[in-house]
């Protein structure tokens, strides 16, 4: 039986990879990210198919599609909003470090004009990529207060600077 189980997974993987890749590519929009997502999904399916305890996996294709989607969503929540895949950059684009330095100074000045709580809310939400609930828990605020402070602090920053 143990000799047959890996072959079942290999057959399943060969049959499902094109469909999983197509879905992953549509979700991610990038070849390398889609390939990584498919690999991570197949690893989860393999573990689930070979788990000795618990119910038998009745529909591996549905499980794989659900795992793919949930893995994508989870990764997007964790990923920094400023991260840009390399294959998105047009060829020949150069980064002007002076512009980046100016932007950094502008951002620091805009943040300095906020109250410490508002600054903490923005840093935790947008730089540390924490959820509203996590920020609320860390700062002992309600989630509504975090959303309200975020909205108002961003509006003040836009009014005072060229960001």
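Miscellaneous remarks
- Candidates 119, 104, 137 - the one that is closer than 16 Å to residue 151 by Cα and assigned by TED's automatic domain parsing to the domain that holds residue 156: 119
- Qualifying residue in region 85-97 (condition: under 30 Å from residue 152 (Cβ atoms), modelled with pLDDT under 75 and in a helix (DSSP H, G or I)): no
- Number of residues in region 122-145 that are at pLDDT 85 or above and either closer than 20 Å to residue 157 by Cα or surrounded by fewer than 15 Cβ atoms within 10 Å (Cβ to Cβ) (or both) equals 8.
- Close pairs from region 119-135: first on the phi > 0 side of the Ramachandran plot, partner surrounded by 15 or more Cβ atoms within 10 Å (Cβ to Cβ) and assigned to a helix (DSSP H, G or I), Cβ under 7 Å, at least 6 apart: none
The values are calculated or read from the model by the stated rules, or taken from the named source; none is laboratory data. The structure presented is a predicted model; accordingly, all values stated were derived computationally and were not measured. Note that each Cβ is placed from the backbone with ideal geometry, even for glycine, and that neighbours are counted across all protein chains shown.
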